[in-house]
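The values are calculated or read from the model by the stated rules, or taken from the named source; none is laboratory data. Keep in mind it's a predicted model, so treat the numbers as computed, not measured. When we count neighbours, we look across all protein chains shown, and the Cβ atoms used for this are built from the backbone with ideal geometry, even at glycine.
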Amino acid sequence: MVLKRNVSLASALRYKGQGPMLTYILHRIGGVGMAVFVTVHILASFVGGKAGIFANSIYESWLFQIFIFFCVLFHAINGLRITISDLWPKLIQHQREAIWVEWAVFLPIYGIAVYIIIRAALGG
């Protein structure tokens, strides 16, 4: 017996789960973003020629670097929060506070990285 869930992305975003639902969605986006990066990187290595140069230009652009850094950093920090919750199940009741700590760690690191990426892109 299969459980059917017909939940669109739009209805999931309207869901009032707030922090936990947002981290759930961003964790999935981060995983897909990293998979896209690895795929483009592998294709660029194997294809070569003009197609390889085009693929390289995609993941060497500063916009893609900002996106992929978001994916990797958020996925890692959120994964660490999930791992800690799995190792110490009594902390599950404090998930909302843990998510606030996660954002408090993520935002300054990501902000500094974005600043550095943009500064390098502008030739500074």
Residue within the stretch 43-59 that is at pLDDT 90 or above, outside any helix (DSSP H, G or I) and farther than 15 Å from T23 by Cβ present: no
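Identify, please: which residue in the stretch 101-123 is in a helix (DSSP H, G or I) and loosely packed, with under 12 Cβ neighbours inside 10 Å and is, among those, nearest to the chain's Cα centre (by Cα)? Break it down stepwise before answering.
Just the residues of the stretch 101-123 that are in a helix (DSSP H, G or I), to begin with: 101-121.
Now narrow it down to the ones that are loosely packed, with under 12 Cβ neighbours inside 10 Å: 104, 107-108, 111-112, 115, 119-120.
Values: A104: 16, L107: 13, P108: 15, G111: 14, I112: 16, Y115: 18, R119: 22, A120: 22 Å.
So the residue we want is L107.
Among the residues of the stretch 49-91, write down those that are more than 17 Å from the chain's Cα centre (by Cα), of a type in the set (A, V, I, L, M) and surrounded by 11 or more Cβ atoms within 10 Å (Cβ to Cβ).
Taking the stretch 49-91 first, the residues more than 17 Å from the chain's Cα centre (by Cα) are 49-58, 60-61, 84-91.
Still in the running and of a type in the set (A, V, I, L, M): 51, 53, 55, 58, 84, 87, 91.
Scanning the stretch 49-91 gives A51, I53, A55, I58, I84, L91.
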